[in-house]
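Working notes, structure below.
The values are calculated or read from the model by the stated rules, or taken from the named source; none is laboratory data. As the structure is a computational prediction, the values presented were derived from the model and not from experiment. Every residue, glycine as well, gets a Cβ built from its backbone with ideal geometry; the counts of neighbours run over all protein chains shown.
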Amino acid sequence: MNYRQATDHFIRFGRWENRQASQFINSDYARNTFDSARDVFFDNNSVVFRDSIQNSDPNDFYRFNLSTQRGSSFRLQLNGLTSNLNVELYNSNRQLILQSSNAGTTGELLAKNLAAGTYYIKVYQAGTGSASNYNLNISSAPLSTGNYFADKVVDLTNVQRVQFGLTPLLLQLQLTSAAQTHSQNMALSDFFSHTGADGSSASSRAQTAGYSSSYVGENIAAGYITPEEVIQGWMNSSGHRANILNMSYQEIGVGYYYLANDGGQVNYKHYWTQGFGAIF
């Protein structure tokens with residue numbers, strides 16, 4: 001049984017096998033710098049490590065990569081502490097983006113939606129003398145709108161952006177909520193416009209959904225049957241193409257609604273909305 005298997009076995013079964021969870025771990029399996037960070041490979045979207053921090057080994061670094069261009073939901077739990085340890089998350093430029101520093105032996109929690117890229121985790125002493133074992137539970141899952149067609153539009157949008165040397169857009173669930181509501185309203189209220197039946201705008205719909213930035217944009221389309229067709233249609237239109245390739249946008253939401261019995265004056269059956277935004 002290798003170290004990783006043994007660690008997983010201990011975490012899952014140790015208590016029932018009367019193992020001593022309080023026995024201090026002297027071996028250092030995670031290294032102490034960004035460059036020597038221990039690589040994390042996700043199995044079934046999650047992984048558990050068990051290690052220790054002490055004066056002679058005051059910090060541990062871990063490194064992981066996320067490849068899903070529309071982004072991933074990241075969650076980290078640090079627990080099993082006997083003294084005060086803290087945890088930080090860094091991006092590929094080694095800039096701090098998130099931290100947790102609860103007092104005493106209280107566990108730490110980090111949760112954030114992350115774009116594709118390389119990230120680093122640092123577990124470290126809160127102060128000299130803080131020696132403790134720890135359990136580090138890390139999980140990651142691709143972000144999703146919950147709709148295959150909408151997810152595909154996000155992916156194809158990012159394909160276009162990458163081809164032009166732009167950063168992929170992170171799926172944003174509040175923008176997705178606003179986009180989905182607008183697609184549904186266009187289908188059910190028999191209209192096709194950026195102005196909602198209630199007079200709402202793309203910006204006001206995003207704010208109603210809880211999106212905190214007023215820097216937003218929107219593409220709409222109707223009648224296209226597949227994600228590939230609607231992306232091609234937008235890319236063939238200068239205004240819609242400009243939104244897709246806007247270098248200032250950071251996030252995207254997509255809504256798709258299909259109305260099989262579309263008997264109104266506007267009867268395209270397939271209604272699509274892209275919402276774009278950025279937080280400055």
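Here is how the numbers come out for the structure above:
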| read-out | value |
| --- | --- |
| Evaluation of residue 207 against (1) without any contact (Cβ under 8 Å) to a residue 40 or more places away in the chain; (2) more than 25 Å from the chain's Cα centre (by Cα) (one fails), failing number | (2) |
| Members of segment 174-197 that are among the hydrophobic types (A, V, I, L, M, F, W, C) and out of contact with any Ser or Thr (no Cβ under 8 Å at 6 or more places or on another chain) | 175, 187, 188, 191, 192 |
| Extreme residue, farthest from the chain's Cα centre (by Cα), among residues of segment 102-121 that are hydroxyl-bearing (Ser, Thr, Tyr) and part of a strand (DSSP E or B) | 120 |
| Residues located in segment 197-234, provided they are among the aliphatic types (A, V, I, L, M) and either at pLDDT below 95 or closer than 20 Å to residue 268 by Cα (or both) | 197, 220, 221, 222, 225, 230, 231 |
| Checking residue 248 against (1) in contact (Cβ under 8 Å) with a residue 12 or more places away in the chain; (2) among the polar types (S, T, N, Q); (3) under 20 Å from residue 69 (Cα atoms); (4) not in a loop (DSSP other than H, G, I, E, B), the condition it does not meet | (4) |
| Any hit, segment 256-274, residues being farther than 26 Å from residue 74 by Cα, surrounded by 23 or more Cβ atoms within 10 Å (Cβ to Cβ) and among the β-branched types (Val, Ile, Thr) | yes |
| Among residues of segment 34-79, those that are assigned to a loop (DSSP other than H, G, I, E, B) and either farther than 17 Å from residue 133 by Cβ or free of Cβ contacts under 8 Å to residues at least 12 places away in the same chain (or both), counted | 15 |
| Matching residues, segment 265-280, being at pLDDT 95 or above, within 16 Å of residue 175 (Cβ to Cβ) and hydrophobic (A, V, I, L, M, F, W, C) | 272, 276, 278 |
| Residues of segment 173-201 satisfying the condition of being under 14 Å from residue 221 (Cα atoms) and among the hydrophobic types (A, V, I, L, M, F, W, C) | 179, 186, 187, 191, 192 |
| Enumeration of residues in segment 25-73 that are hydroxyl-bearing (Ser, Thr, Tyr), more than 21 Å from residue 105 (Cα to Cα) and exposed (fewer than 14 other Cβ atoms within 10 Å of the Cβ) | 27, 33, 36, 46, 67 |
| Count of segment 101-118 residues which are crowded, with 18+ Cβ neighbours inside 10 Å and free of Cβ contacts under 8 Å to residues at least 40 places away in the same chain | 2 |
| Flag for residue 122 being buried (at least 19 other Cβ atoms within 10 Å of the Cβ) and either aromatic (Phe, Trp, Tyr) or in contact with a Phe, Trp or Tyr (Cβ under 7 Å, 6 or more places away or on another chain) (or both) | yes |
| Segment 174-196 residues that are modelled with pLDDT of 95 or more, paired with ones that are surrounded by fewer than 20 Cβ atoms within 10 Å (Cβ to Cβ) and in a helix (DSSP H, G or I) (beta carbon under 8 Å, 6 or more apart) | 178/208 |
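Yes/no matrix, rows are residues, columns are (1) over 30 Å from residue 85 (Cα atoms); (2) more than 17 Å from the chain's Cα centre (by Cα); (3) not hydroxyl-bearing (Ser, Thr, Tyr):
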{"position": "123", "(1), (2), (3)": "no, yes, yes"}
{"position": "128", "(1), (2), (3)": "no, yes, no"}
{"position": "131", "(1), (2), (3)": "no, yes, yes"}
{"position": "136", "(1), (2), (3)": "no, yes, yes"}
{"position": "142", "(1), (2), (3)": "no, no, yes"}
{"position": "147", "(1), (2), (3)": "yes, no, yes"}
{"position": "150", "(1), (2), (3)": "yes, no, yes"}
{"position": "155", "(1), (2), (3)": "yes, no, yes"}
{"position": "158", "(1), (2), (3)": "yes, no, yes"}
